[in-house]
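This report concerns only the one structure given below.
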Amino acid sequence: MVVSIKKPELLTITDSSEHKTYFGADQAWYSQAWNRQAGCGPVCASNITAYLALTREKYKELFKPFSMERKDFARHMDELFRYVTPGAMGVNHVDRFIDGIILFARDRGLQIDTKVFSIENCFTKKRYPKKLAEFVHQGLSSDSPLAFLNLSRGEEVNLQAWHWVTVTGADVRENSIIATASDEGRQIKFDLLRWYMTTHMHGGLIYVA
């Protein structure tokens, strides 16, 4: 079963000066070295808040530039960095991401409700594939991109470890969940279920309900 946000093309960012397009933002666009190194969390938050603003009138204040030109979107990224701020270990827990985007929305007069699927006890082999599949379906079918944190990629080689990406679609099957995501301005695919069954550190997914 394939499920996706309704308009993934809205995450297309254009650089008119270089005649390039990107699928979502890239942390390499930050001007400061530390932001470029650790900015995957706020980039993911930037993608999600922009998509919500572009698809829901009630959330339009979440994306003040209202422009998908790279130079404008970079200002949005800078703003999100103030809220979803990496510490010495980056944005290394789903709660840090959630607290940041809730405060970002609140400062714009909005209240958002987040849903989370989190691995807290990473030392146990107990996993719940059906619950993961249900969560992914619920988020994407509600037209909400998923923020995805993985600290350990496990056996999934198509992921960077200690990294956030923005999941926009998934092919959910009995033995796999092939996710489509924005990662550093490009589209990637990876098996979310393989990650879930083999990761050995904290991670999880979040969406705005």
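From the residues in the stretch 30-69 that are aromatic (Phe, Trp, Tyr) and in contact with a strand residue (DSSP E or B) (Cβ under 9 Å, 6 or more places away or on another chain), which one is surrounded by the most Cβ atoms within 10 Å (Cβ to Cβ)? Checked the stretch 30-69; the qualifying residue surrounded by the most Cβ atoms within 10 Å (Cβ to Cβ) is Tyr51.
The residue of the stretch 113-163 that is nearest to Leu193 (Cα to Cα), among those that are in contact with a helix residue (DSSP H, G or I) (Cβ under 6 Å, 6 or more places away or on another chain) and of a type in the set (Val, Ile, Thr), is Val116. Can you find a residue that is at pLDDT 95 or above, among the β-branched types (Val, Ile, Thr), assigned to a helix (DSSP H, G or I) and within 22 Å of Thr168 (Cβ to Cβ) anywhere in the stretch 123-140? Among the residues of the stretch 123-140, at least one is at pLDDT 95 or above, among the β-branched types (Val, Ile, Thr), assigned to a helix (DSSP H, G or I) and within 22 Å of Thr168 (Cβ to Cβ), which makes the answer yes. For the stretch 189-209, a residue qualifies if it is more than 17 Å from Val172 (Cβ to Cβ) and assigned to a strand (DSSP E or B), and the qualifying residues are Gly203, Gly204, Ile206, Val208.
Looking at the structure I just gave you, is Glu18 under 30 Å from Ser176 (Cα atoms), of a type in the set (Asp, Glu) and not in a strand (DSSP E or B)? So Glu18 does not fit the description; no.
Can you spot a residue in the stretch 172-179 that is within 16 Å of Asn47 (Cβ to Cβ) and in a loop (DSSP other than H, G, I, E, B)? No. Does at least one position in the stretch 181-189 carry a residue that is more than 25 Å from Arg70 (Cβ to Cβ), in contact (Cβ under 8 Å) with a residue 12 or more places away in the chain, in contact with a strand residue (DSSP E or B) (Cβ under 8 Å, 6 or more places away or on another chain) and not polar (S, T, N, Q)? Checked the stretch 181-189: no residue is more than 25 Å from Arg70 (Cβ to Cβ), in contact (Cβ under 8 Å) with a residue 12 or more places away in the chain, in contact with a strand residue (DSSP E or B) (Cβ under 8 Å, 6 or more places away or on another chain) and not polar (S, T, N, Q). Tell me, yes or no, whether the stretch 114-132 has at least one residue that is under 30 Å from Thr14 (Cβ atoms) and surrounded by 20 or more Cβ atoms within 10 Å (Cβ to Cβ). No, every residue in the stretch 114-132 fails to be under 30 Å from Thr14 (Cβ atoms) and surrounded by 20 or more Cβ atoms within 10 Å (Cβ to Cβ). Within the stretch 149-166, residues that are assigned to a strand (DSSP E or B) have Cβ atoms under 7 Å from residues that are among the polar types (S, T, N, Q) and surrounded by 15 or more Cβ atoms within 10 Å (Cβ to Cβ) in these pairs: Asn150/Thr199; His163/Asn150; Val165/Ser182; Thr166/Asn47; Thr166/Ser182, counting only partners at least 6 apart in sequence or on another chain. Do we find a residue being in contact with a Gly (Cβ under 8 Å, 6 or more places away or on another chain), touching a residue at least 24 places away in the same chain (Cβ under 8 Å), among the polar types (S, T, N, Q) and not assigned by TED's automatic domain parsing to the domain that holds Val43 anywhere in the stretch 82-100? No, the stretch 82-100 has no match at all. Within the stretch 79-95, is even one residue assigned to a strand (DSSP E or B), at pLDDT 95 or above and on the phi < 0 side of the Ramachandran plot? Looking for residues that are assigned to a strand (DSSP E or B), at pLDDT 95 or above and on the phi < 0 side of the Ramachandran plot, one finds at least one in the stretch 79-95, hence yes.
The values are calculated or read from the model by the stated rules, or taken from the named source; none is laboratory data. The model shown is predicted, which means the values in this text are computed figures rather than measured ones. Here Cβ is always computed from backbone atoms with ideal geometry, including for glycine, and neighbour counts include all displayed protein chains.
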